[in-house]
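The values are calculated or read from the model by the stated rules, or taken from the named source; none is laboratory data. Just so it is clear, the model here is predicted, and its values are computed rather than measured. A quick note on method: Cβ atoms are made from the backbone with ideal geometry, for glycine too, and the neighbour counts reach across all protein chains shown.
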Amino acid sequence: MQYHGGCENRAQGLPGQATGLANRQGSGGHIDTLTELESWYARENGQYLLASTRRAVDCALDTAFGYHLLQTGCSRGHALFASSPINHRIYAAERPGPGVNLLALAGELPLESDSIDTVIAHHTLDFARNPHQVLREIQRVLTPQGHLLIVGFNPHSLLGVNARVRGLSRKSLWHQHTWVSESRLTDWLRLLGCEVQDRSRIGVAPLLGGGTLRRWLTRLDDWGNRHNLPGGSIYVLHAIKQVSALHRPRRQWQLRRERLISLVPKPAPAPAPTPYRPTRTGVARGQPGDEGAA
């Protein structure tokens, strides 16, 4: 199912705080973040981390039920919701790609408030100019008691240290990266009325070399993932929304309301009561006073 209705305009860039990846190709057009991240995940180590991320997300999705699921992120073709019991799934991205059925910026989602039961944010905050604003928008569309799964790069890891060094080059993927730590993200979620339920860390050991060394590092990484060591390259934060959506200013809400997609099933209208009409002979049958009149 394809969703449109104004989404293409957002994908091309919408003025305001929530600027997306399409506008983050570097001040001089040095790098396309979307393409670079997909290329990074296409490598052997990226595929390994993606498979580990899927396993961690699957554990959280086992208890996430509802009618609608949304995945946002800065890559295409990396759906993480295959094991979800929710049938209606929306894959949002800024450009068309495999599995994508909604073109939209993560900071300007064309969805009604409190309408999504589960949201998977796959590196959605990592490359946003204003990650807190993007998180507010995700909180807006999530239903109360809805599940939020945030996948992000851990700045306090070997990958994080390596990425910071590589990020010194303007032509590097990591030059566009915005580091959001687990503790900082937890504080933001608490302010938005979301309670963290669980967290997982993935990719503790760097996968280097080959042969015996590679097998040893893989076993070490599996052990670190099972024990949830804090030095993982990627974290998966599982939170539940406890409050209703934060209200936007009235004027901003009115400007966007016509473009929002309503996903919540609406109840059928109740049948109108039949008005009382007296018969030609006087009082209608069954009305009070019939017996006295007789």
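Just one of the listed residues (116, 86, 90) is over 27 Å from residue 183 (Cα atoms) and in contact with a Gly (Cβ under 8 Å, 6 or more places away or on another chain), namely 86. Note on the stretch 106-121: among residues that are in contact (Cβ under 8 Å) with a residue 60 or more places away in the chain and not in a strand (DSSP E or B), the one that is nearest to residue 145 (Cα to Cα) is 114. Checking the structure you have, find out if any residue of the stretch 187-195 is touching a helix residue (DSSP H, G or I) at 6+ places or on another chain (Cβ under 7 Å), under 20 Å from residue 66 (Cβ atoms) and either aromatic (Phe, Trp, Tyr) or modelled with pLDDT of 90 or more (or both). Within the stretch 187-195, one or more residues are touching a helix residue (DSSP H, G or I) at 6+ places or on another chain (Cβ under 7 Å), under 20 Å from residue 66 (Cβ atoms) and either aromatic (Phe, Trp, Tyr) or modelled with pLDDT of 90 or more (or both).
Yes/no per residue for (1) surrounded by 13 or more Cβ atoms within 10 Å (Cβ to Cβ); (2) in a helix (DSSP H, G or I); (3) touching a Phe, Trp or Tyr at 6+ places or on another chain (Cβ under 8 Å):
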{"position": "188", "(1), (2), (3)": "yes, yes, no"}
{"position": "198", "(1), (2), (3)": "yes, no, no"}
{"position": "201", "(1), (2), (3)": "yes, no, yes"}
{"position": "206", "(1), (2), (3)": "yes, no, no"}
{"position": "213", "(1), (2), (3)": "no, yes, no"}
{"position": "216", "(1), (2), (3)": "no, yes, no"}
{"position": "219", "(1), (2), (3)": "no, yes, no"}
{"position": "225", "(1), (2), (3)": "yes, yes, no"}
{"position": "228", "(1), (2), (3)": "yes, no, no"}
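Taken over the stretch 73-116, the criterion of being hydroxyl-bearing (Ser, Thr, Tyr) and farther than 21 Å from residue 127 by Cβ is satisfied by 83, 84, 113, 115. Examine the stretch 83-104 for a residue that is of a type in the set (Phe, Trp, Tyr), within 27 Å of residue 191 (Cα to Cα) and at pLDDT 90 or above, and state whether such a residue exists. Taking every residue of the stretch 83-104 in turn, at least one turns out to be of a type in the set (Phe, Trp, Tyr), within 27 Å of residue 191 (Cα to Cα) and at pLDDT 90 or above.
Restricting the first member to the stretch 77-88 and to residues that are more than 17 Å from residue 56 (Cα to Cα), and the second to residues that are surrounded by 13 or more Cβ atoms within 10 Å (Cβ to Cβ) and among the β-branched types (Val, Ile, Thr), the beta-carbon pairs closer than 8 Å and six or more apart or on different chains are 86/118.
A count restricted to the stretch 41-99 and to residues that are of a type in the set (Asp, Glu), more than 25 Å from residue 131 (Cα to Cα) and part of a loop (DSSP other than H, G, I, E, B) stands at 1. For the stretch 154-171, filtering for residues that are surrounded by 17 or more Cβ atoms within 10 Å (Cβ to Cβ) and at pLDDT below 80 leaves 1. Considering only the stretch 33-42, I want to know if a residue exists there that is farther than 23 Å from residue 88 by Cα and modelled with pLDDT under 80. Scanning the stretch 33-42, I find at least one residue that is farther than 23 Å from residue 88 by Cα and modelled with pLDDT under 80, so the answer is yes. Quick one: is residue 180 at pLDDT 85 or above, more than 20 Å from residue 70 (Cα to Cα), buried (at least 16 other Cβ atoms within 10 Å of the Cβ) and of a type in the set (A, V, I, L, M)? So residue 180 fits the description; yes. For the stretch 78-107, a residue qualifies if it is surrounded by fewer than 18 Cβ atoms within 10 Å (Cβ to Cβ) and touching a helix residue (DSSP H, G or I) at 6+ places or on another chain (Cβ under 7 Å), and the qualifying residues are 83, 95.
Here's the yes/no breakdown for (1) farther than 22 Å from residue 33 by Cβ; (2) more than 13 Å from the chain's Cα centre (by Cα):
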position: 148; (1), (2): yes, no
position: 163; (1), (2): no, yes
position: 177; (1), (2): no, yes
position: 196; (1), (2): yes, yes
position: 205; (1), (2): yes, yes
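Within the stretch 160-187, residues that are under 18 Å from residue 122 (Cβ atoms) and in contact (Cβ under 8 Å) with a residue 12 or more places away in the chain reach partners that are of a type in the set (Asp, Glu) and part of a helix (DSSP H, G or I) with beta carbons closer than 6 Å, at six or more positions or on different chains, in the pairs 173/36. Counting only residues that are assigned to a loop (DSSP other than H, G, I, E, B) and either free of Cβ contacts under 8 Å to residues at least 12 places away in the same chain or in contact with a Phe, Trp or Tyr (Cβ under 6 Å, 6 or more places away or on another chain) (or both), the stretch 134-159 holds 2 of them. From the set of residues in the stretch 110-147 that are modelled with pLDDT of 90 or more and more than 23 Å from residue 196 (Cα to Cα), which is surrounded by the most Cβ atoms within 10 Å (Cβ to Cβ)? Of everything passing the filter in the stretch 110-147, 111 is surrounded by the most Cβ atoms within 10 Å (Cβ to Cβ).
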